[in-house]
């Protein structure tokens with residue numbers, strides 16, 4: 001028999017809670033069991049006047065709305081508030097009833113501007129501390145990587161900037177007296193040795209920089225996120241955002257220091273890709289007794305490569321393949337020049353392969369920590385099983401977190417402009433992912449304990465370790481079936 005459904009007036013009054021209509025395994029239901037924002041009100045109290053102005057939005061409500069949007073893949077405030085009008089899970093997670101009026105989407109923007117980035121970073125750090133208390137962070141192995149975030153600008157906003165450089169050159173020339181070197185005589189323009197670099201910049205987001213992550217792709221205005229992931233459960237323990245032209249290798253040591261300070265544990269292993277394989281990084285990690293699982297960068301092909309030159313670090317001596325000493329020269333950046341003598345190369349049999357057609361001597365730059373770089377290359381050539389296992393873990397841990405953040409939480413493109421706004425987006429996204437890890441562990445532990453309690457008559461609560469007690473007593477209300 002064909003069934004029919006009346007589509008008239010539905011019930012408007014019911015007895016019960018909105019939570020009864022939300023599945024127990026819903027992401028917001030799981031995260032609510034482990035989320036604790038009781039500290040937030042005192043953290044942001046200095047941003048509000050205690051006696052003047054109208055009552056503002058509860059800080060916990062604002063953060064819950066932002067986290068709910070990221071957990072559900074809704075990154076834009078306007079779309080989030082439209083969805084919250086009809087989504088019972090978001091209403092319940094933020095603490096709103098069916099008939100309560102939701103705040104305007106612009107209120108979330110004002111809250112971000114008023115609080116600043118430091119307080120949102122504290123939200124991320126609190127999520128890390130909760131994972132540490134739940135024993136989800138090992139603290140011995142750290143996976144480090146960087147990814148690009150497309151800036152929220154259009155291609156039509158890009159412009160080639162060279163006006164500032166031209167003005168700087170003209171100002172420098174005006175402050176100097178005329179001379180034959182910078183004056184071409186009457187009616188002739190002055191010449192300068194400064195070369196102007198034409199760089200594309202966005203007129204709508206001045207912090208964005210042109211970058212690409214593949215050689216076959218065009219340059220795009222981006223930001224660069226630097227991520228540190230713990231190896232035990234994939235918890236993000238460090239997140240920072242810089243301009244896209246900042247090299248990721250220069251951020252490694254800062255990330256290691258921040259992670260050790262936040263977790264309170266000494267790292268034993270750090271994994272990264274070859275972009276982090278600098279001599280300074282290898283030397284610093286080796287001095288701190290941290291094993292660096294980083295594939296060294298390949299040397300440039302040459303008939304007489306640098307590997308054939310013997311370097312004595314203690315005596316500061318560099319010898320060529322023929323046993324001749326190279327003269328130490330001036331320092332440059334993080335290295336030092338070494339140059340051969342003309343008389344040594346003049347009668348050398350390897351001069352045809354070692355020198356270029358116009359050069360009379362060979363110049364080599366030895367970076368600081370060159371010995372640590374050589375030891376890292378020898379260790380990488382052995383292909384130890386422990387190093388291979390650590391690097392395989394690096395691939396699915398940190399790269400998997402980047403893929404998860406971009407495909408499920410909207411981090412493939414910036415939703416606001418400015419370096420601080422992008423940092424707030426990345427901190428909230430990382431906090432949402434950490435809360436997912438924490439909620440998954442709590443959910444799995446609950447059902448494990450429930451099966452043991454229902455299957456046995458003995459009491460097992462006394463046998464729980466610190467992590468189990470933390471997850472059971474994290475919220476004052478009991479976990480419903």
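The values are calculated or read from the model by the stated rules, or taken from the named source; none is laboratory data. Being a predicted model, the structure only gives us computed values, none of them experimental. Neighbour counts are summed over all protein chains in view; Cβ atoms, including those assigned to glycine, are modelled from backbone coordinates with ideal geometry.
Show me the helices (runs of 4 or more DSSP H) entirely contained within region 369-481 in which 2 or more residues are more than 23 Å from residue 136 (Cβ to Cβ), at pLDDT below 90 and outside the structural domain of residue 34 (by TED's automatic domain parsing). In region 369-481, the matching helices (runs of 4 or more DSSP H) lie at 370-382.
In region 81-148, counting only helices (runs of 4 or more DSSP H) that sit wholly within it, the ones holding 3 or more residues that are touching a strand residue (DSSP E or B) at 6+ places or on another chain (Cβ under 9 Å) span 117-133. Does region 313-334 contain any residue that is closer than 30 Å to residue 436 by Cα and not in a helix (DSSP H, G or I)? No: zero hits. Taken over region 15-41, the criterion of being assigned to a helix (DSSP H, G or I) and within 26 Å of the chain's Cα centre (by Cα) is satisfied by 27, 28, 30, 31, 32, 34, 40. Please work out if residue 157 is modelled with pLDDT under 60 and either surrounded by fewer than 15 Cβ atoms within 10 Å (Cβ to Cβ) or outside the structural domain of residue 62 (by TED's automatic domain parsing) (or both). No: the conditions fail for residue 157. For region 338-367, a tally of residues being modelled with pLDDT of 80 or more and either part of a strand (DSSP E or B) or within 23 Å of residue 295 (Cα to Cα) (or both) returns 2.
If you check residue 334 against the conditions, is it surrounded by fewer than 16 Cβ atoms within 10 Å (Cβ to Cβ), within 25 Å of residue 283 (Cβ to Cβ) and touching a residue at least 12 places away in the same chain (Cβ under 8 Å)? Considered against the rule, which asks whether it is surrounded by fewer than 16 Cβ atoms within 10 Å (Cβ to Cβ), within 25 Å of residue 283 (Cβ to Cβ) and touching a residue at least 12 places away in the same chain (Cβ under 8 Å), residue 334 comes out as yes.
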